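Undergrad: Once you've had a glance at the structure underneath, I'll fire off some questions.
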Amino acid sequence: AELMNRIPVIWINIQDCDGNTEALIRSSAPTVDELILDYISLEYQETLMAAAGDQAEKCLEDAVKEFKGKYLLFVEGSIPVKMEYAFTTGRHPETGVERVKRLAKDAAAVIAVGACASFGGIPAAHPNPTGAVGVMDVVKGKPIVNIPACPANPANIVGVLLHYVMTGSLPELDSLLRPKFAFGYRIHDNCERRAHFDAGEFVEEWGDEGAKNNFCLYKMGCKGPFTFNNCSIIRYNDGTNWPIGVGRGCIGCSEPDFWDKYATERPV
Ligand code: SF4
Ligand code: F3S
């Protein structure tokens, strides 16, 4: 059913593993085909589009002209500012920085999807050979939304998109430009192991009795007390499970510099 005008979406990938696209195509409410057919008009997406090569690039350029000022630009992947020509597909010679800036110029807003596009992610980990940065370090003067995590939760991608489709505006954001509806709580505030934390019951060693009884993972390096995200409420893969649910601590994947700062087994 045609409920409203479908919002034109251009989705580009820079330095990434495509994990956020993989997560999105597992969205269940709505499914990705409902999303594409009923709510948005997906003009360009390297993984999902039928076109390839010059034909694909033509779709992109046509969409930029036709929907100037109206399309949402989704960016997946970090932007290499030191190895400018690397890790980018598309119109050569155009660097990743140039591609993001050019396509952001005529967008209504830019949505950075995943840890890499938001804050540089794993490519930005020390010693960051490619000079990886997030979208907000490159694009200025445009509304930007960050949907971090590795990968971004499809529920949060769809949440931002549908909020825009329904209201014509972006959701309320925190100081790191993350939507508050998704990143307004700490993992630790809603963790299913929280009662064990409060009772002082901790896993002390992998595979010990505490691990078998789903005790708190704080002493094994869980960064849930420092991490803002809603995976402790909505989980991943259609509610199937999430990191702490499978018995390892949170590594803070929705926070800036998470790999260097949080992805260790040491408590902070
Ligand atoms: Fe907090 Fe992590 Fe323990 Fe959960 S497992 S209660 S998030 S420290
Ligand atoms: Fe990421 Fe921690 Fe959730 S590692 S997926 S924010 S439990």
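The values are calculated or read from the model by the stated rules, or taken from the named source; none is laboratory data. What you see is a predicted model, and the numbers here were worked out from it, not measured in a lab. With ideal geometry, Cβ positions are generated from the backbone for all residues, glycine too; neighbour counts draw on all protein chains shown. Protein only, heavy atoms only, side chains kept; ligands, DNA and RNA dropped before computing areas. Shrake-Rupley method; radii C 1.70, N 1.55, O 1.52, S 1.80 Å.
Undergrad: Given all pairs of different Cα atoms, what value in angstroms does the Kirkwood hydrodynamic radius of segment 7-181 take?
TA: 15.9
Undergrad: Using amide H atoms built 1.01 Å from N in the peptide plane, name the residues 5+ places from V145, or on other chains, whose amide H lies under 5 Å from its own.
TA: The answer is V110, I111, A112.
Undergrad: Figure the gain on full extension for S175 and K219 (residue separation times 0.36 nm, minus the Cα-Cα span) and round it to one decimal in nm.
TA: Values: separation 44, 0.36 × 44 = 15.84 nm, distance 2.92 nm.
Result: 12.9 nm gained on full extension.
Undergrad: Oh, and also: Pull up all non-local amide H partners of L42: gap of 5 or more, or a different chain, and H-to-H distance under 5 Å with H placed in the peptide plane.
TA: Under 5 Å from the amide H of L42 lie the amide H atoms of V9, each far enough along the sequence or on another chain.
Undergrad: Still on this model: Rounded to the nearest 5, what % of DSSP beta bridges with both residues in the chain are antiparallel? The partial results should precede the final answer.
TA: Numbers: 7 of 27 bridges.
Here the antiparallel bridges make up roughly 25 percent for the chain.
Undergrad: For segment 55-146, what is the accessible area per residue in Å² when the probe is 1.4 Å? Numbers along the way, then the final one.
TA: Values: 3850 Å² over 92 residues.
On a per-residue basis, 42 Å².
Undergrad: Taking 0.36 nm per residue of separation and subtracting the Cα-Cα distance, what length does fully extending D137 through T240 add? Before the final figure, lay out the partial values.
TA: Numbers: separation 103, 0.36 × 103 = 37.08 nm, distance 3.45 nm.
Taking 0.36 nm per residue and subtracting the Cα distance, the gain is 33.6 nm.
Undergrad: State which entries of K65/K142; K65/K105; K68/K140; K70/K180; K58/K105; K101/K261 exceed 21 angstrom in Cα-Cα distance in the structure shown.
TA: In this structure, K70/K180; K101/K261 exceed 21 Å between Cα atoms.
Undergrad: If you don't mind, another one. Which Cys residues of the chain have no other Cys Cβ less than 4.7 Å away and so no disulfide-compatible partner by this rule?
TA: Flagged as lacking a Cys partner: C17, C59, C116, C191, C216, C222, C231, C250.
Undergrad: Probe radius 1.4 Å, ligands and nucleic acids ignored: give me the carbon and sulfur share of the accessible area of the chain as a rounded percent. Each step should come with its number before you reach the end.
TA: Details: 6720 of 12430 Å².
Carbon and sulfur: 54 percent of the exposed surface of the chain.
Undergrad: Tell me whether segment 184-223 comes out rounded, prolate or oblate; compute the Cα gyration tensor, take square roots of the eigenvalues as a ≥ b ≥ c, and use a/c under 1.5 as the rounded threshold. Walk me through the numbers on the way to the answer.
TA: Working: a/c = 2.42, a/b = 1.80, b/c = 1.34.
Note, shape of segment 184-223 comes out prolate.
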